[in-house]
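Asks: A single structure is presented below for examination.
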Amino acid sequence: MNPSTSTESILRAENVVKSFPIYGGLFSQQVAAVQAVQGVSFELNKGETLGLVGESGCGKSTLGRSLIKLIQPTSGKVFFKDQDITHFKGEELRELRKRMQIIFQDPYASLNPRMTIGSILEEPLVIHNLYPDAKERQARVLELIQLVGLRPEHLLRYPHEFSGGQRQRVGIARALAVNPELIICDEPVSALDVSIQAQVINLLMELQQKLGLTYVFIAHDLKVVEHVSTRVAVMYLGKIVEMTTADELYKNPKHPYTKALLSAIPVPDPKPRAERTILVGDVPSPINPPSGCHFHPRCPIASEECKSVAPQLKDIGTKHFVSCLKV
């Protein structure tokens, strides 16, 4: 757990919903909707790291982008430092961008191939008019590139001249350029080799300590999330099904979906481990999610009640929240 965490709330989501309409037919009317995020609520304190995990397509990235207004939530509210930012537009949103940033998943696609690394890092400073003097801007760019472990001569090169890990370091430097307080890390290591993943994660943790940052760390690899997170929220089909501290989640998982995810983590010696939980079937479509508990078609302990009653996220003690009728 990060020792620099405080009780000051920096981000709060209240019943955030995001759906994407699907149009079809002769007059291109809405015929369905992808229900990507379905009523997510949580609070994040300054200095914390909230790990957001789940299978591909569960709504993690959509939620992350909704939190910093890269996409507009369909309903619900998002608060940054107790200020409702849900409907920010124009200049208000522009100012907010200096305080909330994102590190994208793909370091190959998120950097402009026609710009040098120096220009990429200087661009946010120009856009937000942070360093009007050119010499000050250059000094800040030099500071940023060294902060993420790259060399000054790298500033003159283009993205294609770098490895994936180096490009992600550039992406981190770009996010830090405007001195944000909150960073959404959208699967920042999933496109990297395992050895490079560890370097990037260590860098993010060092920067958090040094700069007092708060992270929402999105990943599908629970082993990655264990080391970087203060708390972990497990998502399934647009909803949080379990949320507690990282230590508690890995030692005492309660939701059957969380247990299944944890049992799938490879271990060096598989002989003494408990029986693996094998989930049947595939993740249901978010266009037409199951009734009741969304997890019931794949759940090993589901009953008839689970097919009709939607469980609510409840505190079962010590701020361990679980959404399951059987817990």
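The values are calculated or read from the model by the stated rules, or taken from the named source; none is laboratory data. Just so it is clear, the model here is predicted, and its values are computed rather than measured. Note that each Cβ is placed from the backbone with ideal geometry, even for glycine, and that neighbours are counted across all protein chains shown.
Asks: Which pairs turn up if I take residues in the stretch 167-184 that are within 17 Å of A139 (Cα to Cα) and free of Cβ contacts under 8 Å to residues at least 60 places away in the same chain and look for partners that are in a loop (DSSP other than H, G, I, E, B) and not polar (S, T, N, Q) with beta carbon separation below 6 Å, at least 6 apart in sequence or on another chain?
Replies: The qualifying pairs are A173/V148.
Asks: Give the residue, chosen from A260, A246, that is among the small types (G, A, S) and in contact with a strand residue (DSSP E or B) (Cβ under 9 Å, 6 or more places away or on another chain).
Replies: A246
Asks: Starting from residues that are among the basic types (K, R) and out of contact with any Phe, Trp or Tyr (no Cβ under 9 Å at 6 or more places or on another chain), keep the ones in the stretch 313-327 and report whichever is farthest from D247 (Cα to Cα).
Replies: So, considering only residues that are among the basic types (K, R) and out of contact with any Phe, Trp or Tyr (no Cβ under 9 Å at 6 or more places or on another chain), the one farthest from D247 (Cα to Cα) is K326.
Asks: What number of residues within the stretch 73-99 satisfy the criterion of being touching a residue at least 24 places away in the same chain (Cβ under 8 Å) and touching a helix residue (DSSP H, G or I) at 6+ places or on another chain (Cβ under 8 Å)?
Replies: Of the residues in that region, 3 qualify.
Asks: Against the condition free of Cβ contacts under 8 Å to residues at least 40 places away in the same chain, over 29 Å from G292 (Cβ atoms) and hydroxyl-bearing (S, T, Y), how does S195 come out, does it pass?
Replies: Considered against the rule, which asks whether it is free of Cβ contacts under 8 Å to residues at least 40 places away in the same chain, over 29 Å from G292 (Cβ atoms) and hydroxyl-bearing (S, T, Y), S195 comes out as yes.
Asks: Here is a follow-up. Which members of the stretch 105-140 meet the condition of being buried (at least 18 other Cβ atoms within 10 Å of the Cβ), under 11 Å from V170 (Cβ atoms) and among the hydrophobic types (A, V, I, L, M, F, W, C)?
Replies: Residues satisfying the conditions are L111, I117, I120, L121.
This table checks each residue for (1) surrounded by 19 or more Cβ atoms within 10 Å (Cβ to Cβ); (2) modelled with pLDDT under 95; (3) more than 18 Å from the chain's Cα centre (by Cα); (4) among the small types (G, A, S).
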{"position": "E8", "(1), (2), (3), (4)": "no, yes, yes, no"}
{"position": "A13", "(1), (2), (3), (4)": "yes, no, no, yes"}
{"position": "G51", "(1), (2), (3), (4)": "yes, no, no, yes"}
{"position": "E55", "(1), (2), (3), (4)": "no, yes, no, no"}
{"position": "C58", "(1), (2), (3), (4)": "yes, yes, no, no"}
{"position": "L63", "(1), (2), (3), (4)": "yes, no, no, no"}
{"position": "G90", "(1), (2), (3), (4)": "no, yes, yes, yes"}
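Asks: Same structure again: Yes or no: K98 surrounded by fewer than 14 Cβ atoms within 10 Å (Cβ to Cβ), of a type outside the set (D, E) and under 25 Å from the mean Cα position of the chain (by Cα)?
Replies: Judged against the criteria, K98 is not a match.
Asks: Which of the residues that make up the stretch 113-156 are in contact (Cβ under 8 Å) with a residue 40 or more places away in the chain, closer than 18 Å to K98 by Cα and either polar (S, T, N, Q) or in a loop (DSSP other than H, G, I, E, B) (or both)?
Replies: Scanning the stretch 113-156 gives H128, L130.
Asks: Which residue out of P268, P284 is in contact with a Leu (Cβ under 7 Å, 6 or more places away or on another chain), at negative phi and surrounded by fewer than 22 Cβ atoms within 10 Å (Cβ to Cβ)?
Replies: P284
Asks: Run down S163, S195 and say which single residue is farther than 27 Å from S263 by Cα and of a type in the set (S, T, Y).
Replies: Being farther than 27 Å from S263 by Cα and of a type in the set (S, T, Y) holds for just one of S163, S195, which is S163.
Asks: Working carefully through the options G25, G76, find the one that is among the small types (G, A, S) and either on the phi < 0 side of the Ramachandran plot or modelled with pLDDT of 95 or more (or both). Spell out the reasoning first.
Replies: Details: G25 fails: either on the phi < 0 side of the Ramachandran plot or modelled with pLDDT of 95 or more (or both).
Only one candidate passes the filter, namely G76.
Asks: Keeping to the stretch 164-202, report how many residues are in a helix (DSSP H, G or I) and over 25 Å from L130 (Cα atoms). Break it down stepwise before answering.
Replies: Restricting attention to the stretch 164-202, the residues satisfying the condition of being in a helix (DSSP H, G or I) are 164-176, 194-202.
Then keep just the ones that are over 25 Å from L130 (Cα atoms); that gives 164-166, 194-202.
So the count comes out to 12.
Asks: Would you confirm, using the coordinates I've provided, whether S190 is surrounded by fewer than 23 Cβ atoms within 10 Å (Cβ to Cβ), under 16 Å from the mean Cα position of the chain (by Cα) and among the hydroxyl-bearing types (S, T, Y)?
Replies: Spelling it out, S190 is indeed surrounded by fewer than 23 Cβ atoms within 10 Å (Cβ to Cβ), under 16 Å from the mean Cα position of the chain (by Cα) and among the hydroxyl-bearing types (S, T, Y).
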